[in-house]
Each structure stands twice: as C-alpha cells, then as structure tokens.
Amino acid sequence: MLVFKFGGASVKDADGVVNLASVVKKFEGDQLLIVVSAMGKTTNALEKLTKAYFNDDEDVHSIFDEIKKYHYSIMEQLFEPADAVFDKVANTFVEIDWVIEDEPHDDFDFIYDQVVSIGELVSTRIVNAYLNKAGLKSNWLDVRGYVLTDNTYREGAVQWGKTCAAIQKDIPDLLNKGIVVTQGFIGGTSENFTTTLGREGSDYTASILASCLGAESVTTWKDVPGILNADPKLFDDTVKFDELSYTEAIEMTYYGASVIHPKTIKPLQNAKIPLLVKPFSDPGAPGTIIHENSANLFIKPVIILKSNQVLLSLSAKDYSFISEDHLSTIFKLFAQNHVKVNIMQTSALSFSVCFDLKEERFKKLLNELSVDFKAKYNHNVSLITVRHYTPASLKELTAGKTVLLEQLSRNTIQLAVK
C-alpha cells in the first residue's frame with residue numbers, strides 16, 4: 001500500500017487536477033491512499049477571511065466570494081454543469097456561511113480551524129470526483145473521524161492510540177474497494193470540532209496514515225525536483241539531494257525547511273517507512289528518498305531562511321540575573337500561548353528569543369510577559385540557519401545585513417539578521 005500526498009501547488013488549477021489523475025493512473029496496480037492539500041493559495045485566502053471576520057471587517061463576504069469563484073472556475077473546466085460535485089462543494093462552503101453569520105467567537109484559534117479547514121474538504125471533493133470521472137475508482141474519506149486530536153486549535157496534538165485504532169478499523173477495507181482520497185492538515189476532536197495540525201501539516205497527515213497502516217512508502221509530490229539545499233525561489237545554484245537520512249531530514253525540518261512538515265519524519269522513522277519527495281511535473285524523475293541507511297553527501301551548505309520573525313529580549317525589572325526561576329516563568333508563558341522558539345540565548349541580565357510572528361499570539365504573550373519583565377523587540381527579522389557551513393557561505397549570507405544574534409554549534413549556525 002502506498003500513500004501519496006499532493007500539495008496545493010499540484011492542484012492549483014484544472015490542469016493540475018488532470019495531471020494528478022495521470023500520475024495516479026501510473027500506479028493502478030497498487031493500493032493508494034491519497035492525501036490532498038487545499039488548492040493553490042486557498043489556505044492563505046481562508047486565513048485572510050478568518051481575520052476579516054474576527055475583526056468585523058466589511059470585506060468578509062467579498063473575500064469569501066473570491067474563494068468560491070476560484071474553486072468554481074476550476075470545476076467548470078473539469079465537469080459538466082449537472083455533475084453532483086457542484087452540490088457537494090456548495091454544501092461544504094455552507095459550513096463557512098454558518099460561521100460568518102454569527103458574531104465572532106472570542107477564541108481566534110478555534111474560529112481559524114473551523115474556517116481554514118474547509119480548503120482541504122473542498123479540494124478533496126473535486127479531486128475525488130475527477131478521479132472517478134477519469135475511470136479511477138475512488139472513495140472520499142473525511143479524515144476528521146480518523147486523525148483524532150486534543151483541543152489545541154491550530155496545533156492539534158494527535159492522540160495516537162485512538163487515531164491508529166480508528167484508521168486500522170475502517171481504512172484497509174476501503175482500500176480494497178479502490179483509491180481513498182482524504183484531507184491533509186486537519187483532524188477532529190471528541191466533541192466533533194475540527195482542528196488543524198499546523199501550517200503545511202498535510203505531510204504530517206500522510207505520515208500518520210502511513211505509520212498506522214504500515215505503508216510501503218510515502219510519496220509527497222512537490223513543485224521542486226526533490227529536496228534542495230536551499231529554497232530555489234530565494235537562492236541561485238541550488239543542488240538536489242538524491243537521498244537523506246531520517247536524522248538529517250529531522251534536523252532540516254526542525255530548523256524550518258518548508259519542503260516537509262517538521263513532525264512528518266519521526267513516525268516514518270519509527271516504522272522504517274521511506275519518504276520520497278518527487279516532482280509532480282515529472283513523475284518518472286528520481287526525486288529524493290529519505291530513509292534509514294543514507295550516506296549524506298553535502299556538496300553545498302544547507303540554507304534555511306525564515307522571514308517575518310520577532311526577536312524579543314527580556315530582562316528582570318529589578319535588574320537581577322536571569323535565573324532558572326525566570327526561565328521557568330518565561331517558558332510557561334510561551335507554552336500557554338503556543339509560541340514556538342526558533343532560537344534562544346541567555347546572558348547575565350537578559351534572555352533573547354526569536355520566533356515566528358503570529359500577531360494575535362504575540363500581543364497576548366507580550367502583555368503577560370510585561371508583568372514581570374522589561375521587554376524590547378525587533379520586528380521584520382530574518383532567521384538564517386546554515387548546516388554544514390563554510391566561512392565563505394556565511395560571509396555571503398550576511399553581506400549588507402546587521403547580525404542581531406548569533407549561535408554556533410559544530411554543524412549548524414543560526415543568525416538573526418535585519
């Protein structure tokens with residue numbers, strides 16, 4: 001049994017959906033479970049809709065109309081007007097109508113998950129319908145009944161025992177009847193509310209399903225030839241890795257490499273399931289394979305750039321040394337506000353930390369920290385992580401930039417720059 005994951009770029013338009021079907025057709029002899037992300041930039045658009053609704057902005061309905069128009073345009077190129085998929089998609093979008101008709105709930109993260117999750121539900125309806133139209137027998141599955149999480153909205157923690165039990169109970173029989181198409185990124189709670197697993201979480205969904213089902217492999221189809229040493233949109237002369245070890249892949253994703261979700265690798269490593277990263281535009285290309293016995297070869301340093309960072313420096317109001325008690329208080333507040341630390345550094349009188357800016361969470365965290373600490377921060381900071389670095393590569397990356405914080409280890413350097 002194989003697990004395929006198709007990201008948003010692979011289904012951004014009608015041609016992408018047709019191409020997905022042509023890729024799947026090459027594997028007609030295999031049992032296939034297909035995980036699909038929201039189409040194109042739909043997640044970004046739904047995030048914009050969520051913020052507009054939460055802030056009671058006037059353009060809520062116009063934003064929603066654009067999202068629907070985008071999907072209906074794709075469907076009109078793929079299906080006849082009377083196709084049942086139009087009603088199925090319309091009924092899915094109604095779930096957003098129900099949300100935005102009411103006054104905003106005071107928990108932004110809860111609203112976020114109920115709205116943003118619709119992107120995956122709609123995309124899988126369209127993909128499933130097209131596969132059947134193309135003669136590939138396919139069944140749609142609502143993953144929210146199988147990937148079971150706690151109530152941590154926007155970062156649902158998977159309840160592994162319940163999740164594997166639910167997956168193993170139903171999905172093998174469904175796979176015997178044909179292809180199974182389901183959603184990435186989303187899960188469900190015991191109260192039947194929707195959660196999300198964190199941005200780019202569809203890779204993680206594929207990993208969860210593969211691990212619980214004992215899949216032969218997971219293939220994630222991307223708009224790049226495989227895993228590269230750096231983002232080709234930001235850096236020239238990137239090189240592709242033919243293979244990587246689980247350990248190296250975990251290190252890269254931990255530091256923010258966006259080609260794979262950070263939580264994806266560990267379940268696959270535990271189950272010894274290889275992960276293939278391949279280009280959807282060239283299915284026959286070798287791509288990159290991540291597995292246990294890989295001989296890592298680094299011709300160039302691995303460069304990971306995270307933008308839109310905040311660099312926050314805290315000091316005690318009584319000018320005392322930063323102690324373990326101070327750090328305990330700080331980390332407790334970070335955990336309660338679901339803010340993940342990307343880099344941290346302690347000196348005698350201050351504690352500095354760099355993290356992704358999520359405006360609503362940052363404001364709340366800053367207010368709570370300001371009770372006991374003096375705070376200074378920089379916006380619009382970039383965090384550069386370089387693994388297997390060389391002096392020449394560091395000089396090139398920092399040229400014309402101000403280094404605000406630096407941390408160096410044997411194989412990795414991190415630089416907060418502006």
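Just so it is clear, none of the values below were taken in a lab; they were calculated from the coordinates. If you're wondering where the values come from, they're calculated on a predicted model, not measured in any experiment. A quick note on method: Cβ atoms are made from the backbone with ideal geometry, for glycine too, and the neighbour counts reach across all protein chains shown.
Observations
- Global size of the range 29-111 as Cα Rg and Dmax, reported in angstrom: 15.2, 51
- Shown is the FRET efficiency for residue 88 and residue 360, computed with R0 = 30 Å from the Cβ-Cβ distance and rounded to the nearest 0.05: 0.35.
- Residue-wise HN-Hα coupling along the range 356-370, computed from phi with Karplus coefficients 6.51, -1.76, 1.60 (Hz; x: Gly, Pro): 5, 7, 10, 3, 5, 6, 5, 4, 5, 4, 4, 4, 6, 5, 5
- Label-to-label distance, nm, for residues given as residue 372 and residue 338 (7 Å Cα→Cβ offset): 2.3
- The distance separating the Cα centre of the range 162-176 from that of the range 137-155 comes to 12 Å.
- Taken along the Cα-to-beta-carbon direction at a fixed 7 Å, the label points for residue 270 and residue 176 span 2.7 nm.
- The alpha-carbon atoms of the range 220-266 define a convex hull whose volume equals 79 cubic angstrom per residue.
- Once the Kirkwood radius over Cα pairs is known for the range 362-416, the Stokes-Einstein relation at 20 °C and 1.002 mPa s delivers a diffusion coefficient of 160 µm²/s.
- Length-normalised contact order of the range 265-418 in % [C-alpha pairs under 8 Å, at least 6 apart]: 25
- Here the range 253-319 was treated as a single set of alpha-carbon atoms; its pair distances binned every 5 Å from 0 give 3, 11, 14, 20, 18, 11, 6, 6, 4, 3, 3, 1, 0 percent.
- Note on the range 291-418: along the principal axes its Cα atoms extend 49, 38, 29 Å, ordered by decreasing extent.
- Each of 393, 328, 342 was placed along the dipole of the range 318-418 (beta-carbon charges, centred on the mean Cα), and the one lying farthest toward the positive end is 393.
- Relative contact order (%) - criterion: Cα under 8 Å, at least six apart; region: the chain: 13
- For the range 93-200, Kirkwood radius (reciprocal of mean inverse C-alpha pair distance, Å): 14.8
- Every Cα-Cα pair of the range 99-156 was included, and the share exceeding 20 Å stands at 43 percent.
- Principal axis analysis of the Cα atoms in the range 124-169 yields extents of 38, 25, 9 Å, listed in decreasing size.
- Note on the range 288-354: Rg/Rh from C-alpha atoms, Kirkwood Rh, equals 1.18.
- In this entry, the range 178-335 is assigned a mean projected area of 14.2 nm², taken as a quarter of its C-alpha convex hull surface.
- Quarter of the Cα convex hull surface for the chain, i.e. its orientation-mean projected area (nm²): 21.8
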